[in-house]
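I have placed the structure first, in the form of structure tokens, so that the comments after it can refer back to it.
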Amino acid sequence: MDLTTVLERFHNGDRRALARAITWAENGAPEAGELIRSTFPKTGRAHAIGITGPPGAGKSTLVDRIASRFRELGKTVGIVAVDPTSPFTGGAILGDRIRMQRTLSDPGVYMRSLASRGHLGGISIATGDVVGLLDAFGFDVVLVETVGAGQSEVEIMDLAHTTCVVMIPGMGDDIQAIKAGILEIGDVFAINKADREGSDRTVMEIEAMLDLGHMGEAGVNRWGGTAQANSGALSRLDRTGHHGAADAGGASAWIATSSRHAADRHGTANPGDISWRPPVVKTVAKDGQGIDSFVDRMEQHLGFLRETGRWEQLKQRDAAAKLRDIVAGRAARTVLDRAAQAGDLDRLTRAIATRSTDPYSAAEEVLSLHMGG
Amino acid sequence: MEHKLRILVAKLGLDAHDRGAKVVARAYRDAGFEVIYTGIYQRPEQVAQAALQEDVDVVAVSSLAGAHLTLIPDLIDLLRAEGVDDVLVLAGGVIPDDDIAGLKAAGVAEVFGPGADLDEIIAYTRAHAKRA
């Protein structure tokens, strides 16, 4: 299939054309530029939902259940699941389809496995473009499952409108729950395998962590002024809301940071504001328990984003990030190409290796010689 | 940029013996392929859909339960019906010599039996994948 055929068939809803388009985007093929140009105007409609959490938490099984639930609600679903690439051979085993048999025969669902291809943020470099293609193709919901994530694979937050963090009982004492990283990025938390011992304790620990950074009951909170404001919740504000600010001490520094982050992402607790307190749901993916309320919470979060103007803010943020990435990438490539052609790259590389200059001075020289014009 | 070879390793029908499929999947991974493994008890329709959605270069079917003469041609018919015409189809497992000609007539490029050398399978796949 050539580019013209793929584009024509893509816009007519042909899934094979979608599949080929994704391959080109993933490979950075020559066709990718025109592909993005042609499909980008149709993006910006799908609800992108990230599913992240440690390996073995049950993310794939959950995604299968979540997709089924969205289908019951009449929505079409695109799924992207990322698995790790071997750092030694460049190969990968992509096994997420095994746990998604429930929905994959449904013509309203399309699923694509991606290898991380050496990228360490929990997704692959091309994942954003793939989500864009699924969005442009017309899926109502795009689910993105990350590689099994530890504490620092947080890039999904920049790609998803709603980030769901999946935990399981018994993963460590409560200090794990206050660490920075994936526990900070959740808009909705699921404690999966909740039929196991210790699930109540895990829920409690996550709730306690969330109480430090967020006000009110789980879900959308309206502070003051509106019908749903309630004084009980407002008194909680005094109890927990200004801890971080009042205490300038070292131990509470992370609380202040966490509060700032929360304000950014979820709204402040000032009267008159609408804020989002991430809810925690218990699920048993293998039996389908808790899935309906999990999906309800995702939809509520979407409502929150739209109601508070954050949906539009996220688009601005994405646009800025994309533009910066592309310009930075091309500028770097241009400068390096020019430096290579002039022989400066080789000369300075040798100079650094023999310690007759240092990397920073060499970089300065490359930039001063080749960045202009 | 290089085109990364993607291969679907599939088990069709009532055939739970997937040790061979896993060994082959692992060998492909170690040779730098991206391997999509979909698990056991797959219907031809499911495998055809997976091949389409994943836009693979190769579909490798492992069969040890004797239904290869119906299930593999069914799969190839479905792939063709979906317009997936540039995929290399391989078969492996316990397949009697007498059946090989029939499978090849149906569109299987090559059949690898229990004694096949993994390096040879990979070399063949690389040489014959249509979009390499």
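Hey, could you check the stretch B:69-87 for residues that are aliphatic (A, V, I, L, M) and not in a loop (DSSP other than H, G, I, E, B) and say which is surrounded by the fewest Cβ atoms within 10 Å (Cβ to Cβ)?
Start the filter on the stretch B:69-87 by keeping residues that are aliphatic (A, V, I, L, M), which leaves B:69, B:71-72, B:75-76, B:78-79, B:81, B:84, B:87.
Adding the requirement that they be not in a loop (DSSP other than H, G, I, E, B) leaves B:69, B:71-72, B:75-76, B:78-79, B:81.
On the way: B:LEU69: 15, B:LEU71: 23, B:ILE72: 28, B:LEU75: 28, B:ILE76: 21, B:LEU78: 19, B:LEU79: 22, B:ALA81: 9.
If we take residues in the stretch B:69-87 being aliphatic (A, V, I, L, M) and not in a loop (DSSP other than H, G, I, E, B), then B:ALA81 is surrounded by the fewest Cβ atoms within 10 Å (Cβ to Cβ).
When you check A:PHE70 against the structure, is it among the aromatic types (Phe, Trp, Tyr) and more than 25 Å from B:ARG6 (Cα to Cα), yes or no?
Here the answer is yes, as A:PHE70 does meet what is asked.
Could you tell me which of the residues A:ILE178, A:ILE191 is at pLDDT 90 or above, among the aliphatic types (A, V, I, L, M) and more than 18 Å from the chain's Cα centre (by Cα)?
Of the residues listed, the single one that is at pLDDT 90 or above, among the aliphatic types (A, V, I, L, M) and more than 18 Å from the chain's Cα centre (by Cα) is A:ILE191.
Inspect all residues belonging to the stretch A:327-341 and state whether any of them is within 18 Å of the chain's Cα centre (by Cα), at pLDDT below 95 and among the basic types (Lys, Arg).
Taking every residue of the stretch A:327-341 in turn, none turns out to be within 18 Å of the chain's Cα centre (by Cα), at pLDDT below 95 and among the basic types (Lys, Arg).
If you check every pair at least six apart or on different chains, which have Cβ atoms under 6 Å apart with a residue in the stretch B:70-84 that is under 14 Å from B:GLN53 (Cα atoms) first and a residue that is among the basic types (Lys, Arg) second?
From the stretch B:70-84, the pairs are B:GLY83/A:ARG16.
If A:GLU197 passes every condition in (1) among the charged types (D, E, K, R); (2) under 20 Å from A:ARG297 (Cα atoms); (3) part of a loop (DSSP other than H, G, I, E, B); (4) at pLDDT 85 or above but one, which one does it miss?
(2)
In the stretch B:20-53, what count of residues is obtained for those that are among the hydroxyl-bearing types (Ser, Thr, Tyr) and more than 7 Å from every other protein chain (Cβ to nearest Cβ)?
1
Within the stretch B:54-71, count every residue that is within 9 Å of the chain's Cα centre (by Cα), away from chain A (no Cβ under 14 Å) and among the β-branched types (Val, Ile, Thr).
Residues of the stretch B:54-71 within 9 Å of the chain's Cα centre (by Cα): B:58-62.
Checking which are away from chain A (no Cβ under 14 Å) leaves us with B:61-62.
Now drop any that are not among the β-branched types (Val, Ile, Thr), which leaves B:61.
Matching residues across the stretch B:54-71 total 1.
Applying the selection to the stretch A:76-92, what residues are more than 7 Å from every other protein chain (Cβ to nearest Cβ), among the polar types (S, T, N, Q) and surrounded by fewer than 22 Cβ atoms within 10 Å (Cβ to Cβ)?
Matches in the stretch A:76-92: A:THR76 only.
Answer yes or no as to whether B:LEU90 is without any contact (Cβ under 8 Å) to a residue 40 or more places away in the chain, part of a strand (DSSP E or B) and within 17 Å of B:LEU69 (Cβ to Cβ).
yes
Hey, among A:ALA115, A:ALA67, which residue is under 20 Å from A:GLY288 (Cα atoms), touching a strand residue (DSSP E or B) at 6+ places or on another chain (Cβ under 6 Å) and either more than 14 Å from every other protein chain (Cβ to nearest Cβ) or in contact (Cβ under 8 Å) with a residue 12 or more places away in the chain (or both)? Explain how you work it out, then say what you get.
Numbers: A:ALA115 fails: under 20 Å from A:GLY288 (Cα atoms).
Of the residues listed, the single one that is under 20 Å from A:GLY288 (Cα atoms), touching a strand residue (DSSP E or B) at 6+ places or on another chain (Cβ under 6 Å) and either more than 14 Å from every other protein chain (Cβ to nearest Cβ) or in contact (Cβ under 8 Å) with a residue 12 or more places away in the chain (or both) is A:ALA67.
Looking at (1) at pLDDT 95 or above; (2) surrounded by 23 or more Cβ atoms within 10 Å (Cβ to Cβ), find the lone condition where A:SER124 falls short.
For A:SER124, the failing item is (1).
Go over the candidates A:GLU72, A:GLU26, A:GLU31 one by one and state the one that is among the acidic types (Asp, Glu) and more than 14 Å from every other protein chain (Cβ to nearest Cβ). Full working, then the answer.
Numbers: A:GLU26 fails: more than 14 Å from every other protein chain (Cβ to nearest Cβ); A:GLU31 fails: more than 14 Å from every other protein chain (Cβ to nearest Cβ).
None of the other options fit; the residue is A:GLU72.
Pick from the stretch A:93-112 the residues that are within 8 Å of another protein chain (Cβ to nearest Cβ) and hydroxyl-bearing (Ser, Thr, Tyr): which of them is surrounded by the most Cβ atoms within 10 Å (Cβ to Cβ)?
Out of the qualifying residues, it is A:TYR110.
Test B:HIS17 against the stated conditions and say whether it is more than 11 Å from chain A (Cβ to nearest Cβ), under 27 Å from A:THR103 (Cβ atoms) and in contact with a Leu (Cβ under 9 Å, 6 or more places away or on another chain). Break it down stepwise before answering.
Values: more than 11 Å from chain A (Cβ to nearest Cβ): yes; under 27 Å from A:THR103 (Cβ atoms): yes; in contact with a Leu (Cβ under 9 Å, 6 or more places away or on another chain): yes.
For B:HIS17, the condition - more than 11 Å from chain A (Cβ to nearest Cβ), under 27 Å from A:THR103 (Cβ atoms) and in contact with a Leu (Cβ under 9 Å, 6 or more places away or on another chain) - is met.
Hey, B:ILE40 hits all of (1) more than 20 Å from A:TRP24 (Cβ to Cβ); (2) buried (at least 24 other Cβ atoms within 10 Å of the Cβ); (3) touching a Lys or Arg at 6+ places or on another chain (Cβ under 6 Å) but one; which does it fall short on?
(2)
Does A:LEU345 meet the test of being in a helix (DSSP H, G or I) and touching a His at 6+ places or on another chain (Cβ under 7 Å)?
no
Among what's in the stretch B:56-68 and is in contact with an Asp or Glu (Cβ under 9 Å, 6 or more places away or on another chain) and crowded, with 22+ Cβ neighbours inside 10 Å, pick the residue that is nearest to A:ARG20 (Cα to Cα).
B:VAL56
The values are calculated or read from the model by the stated rules, or taken from the named source; none is laboratory data. Since the structure is predicted, the reported quantities are computational estimates derived from the model, not experimental observations. Backbone-built Cβ (ideal geometry, glycine too); neighbour counts: all protein chains shown.
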